[in-house]
């Protein structure tokens, strides 16, 4: 797995710089055109944001989770990068908006990457409660940008982002953060008051995004999640799956040892 190159002193310059080593200025032509390819999809991404999203998804070895998909601009970039890199892990895109899923699917389908996506209508808390074993290699946090919202999502992510996992915060380097006009954006405050500064290394700002890499306190590494939906089956099937079959396996193991 390639090692990310951090830029801890890059705090105000919005320009793009690589986090991973690769020949040339860009990974490939799709990387060059990342912003252009989704120009007609509604959303808010600076060109540097698009370049960073593509790069991080291209080199991500494990599941990618996006919190806040809106209409699919960033989701599609992540999916294109995963396709181009040949990754098998899905892009899980989470949003509470009922209109987000169909819009994201349409944007991804128009670019041939819809098969890369798992679209979830939920909060981050709801998704991870249903999928507690998921440890994403990359998280793009772009949901509720208020201090309260980011704090809530980070509280959920604390138990799931593995050591070595990356978190990219949208609107981290944004004129709406504290001290500026739009007081509703509180990404920086929420990050600074969370577990992130203690457990993560700062990787620099790129466009409106801020990057962190987890160093301590998380699971040992990315692993796929298994979504447990047994509770939606009939009572008879729930009994079989929760009680009868597990007891049967234990009994067979005990008998085999005799």
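Nothing in this text is a laboratory measurement; each read-out follows from the coordinates by a stated rule. Everything quoted here is computed from the prediction, not taken from an experiment. Here the Cβ positions follow ideal geometry from the backbone for every residue, glycine too, while neighbour counts run over all protein chains shown.
Projected onto its three principal axes, the C-alpha set of the chain covers 67, 41, 38 Å, listed from the longest axis down. Looking at the chain alone, DSSP beta bridges between its own residues are antiparallel in about 40 percent of cases. The ranking of 35, 184, 74, 122 by Cβ neighbour count inside 10 Å, starting from the fewest, reads 184, 122, 35, 74. Nearest 10 degrees, 0 to 90: what angle lies between the long axis of helix 245-256 and the longest principal axis of the chain (Cα atoms)? The answer is roughly 60 degrees.
A crude spin-label estimate for the pair residue 234 and residue 184, with each label 7 Å from Cα along the Cβ direction, gives 4.8 nm. Applying 1/(1 + (r/R0)^6) with R0 = 35 Å to the Cβ-Cβ distance of residue 121 and residue 223 gives a FRET efficiency near 0.90.
When the Cα atoms of region 106-161 are aligned to their principal axes, the ranges along those axes come out at 35, 27, 19 Å in descending order. Stretching the chain fully between residue 97 and residue 111 yields a gain of 2.8 nm (0.36 nm per residue, less the alpha carbon separation).
Once the Cα atoms are used to define both axes, helix 100-110 deviates from the longest principal axis of the chain by about 70 degrees. Residues 146, 76, ranked from the fewest to the most other C-beta atoms within 10 Å, line up as 146, 76. When each of 142, 193 is scored by the number of other beta-carbon atoms lying within 10 Å, the sequence from fewest to most is 193, 142. Once both labels are positioned 7 Å from their Cα atoms along Cα-to-Cβ, the gap between residue 40 and residue 151 label points is 4.3 nm. Label point of residue 5 set 7 angstrom out along Cα-Cβ; within region 22-50, amide nitrogens under 16 Å from it belong to 22-28. Every helix of 4 or more DSSP H residues in the chain counts as -39500 (n - 2.57), and over all residues that averages to -9500 deg cm²/dmol at 222 nm.
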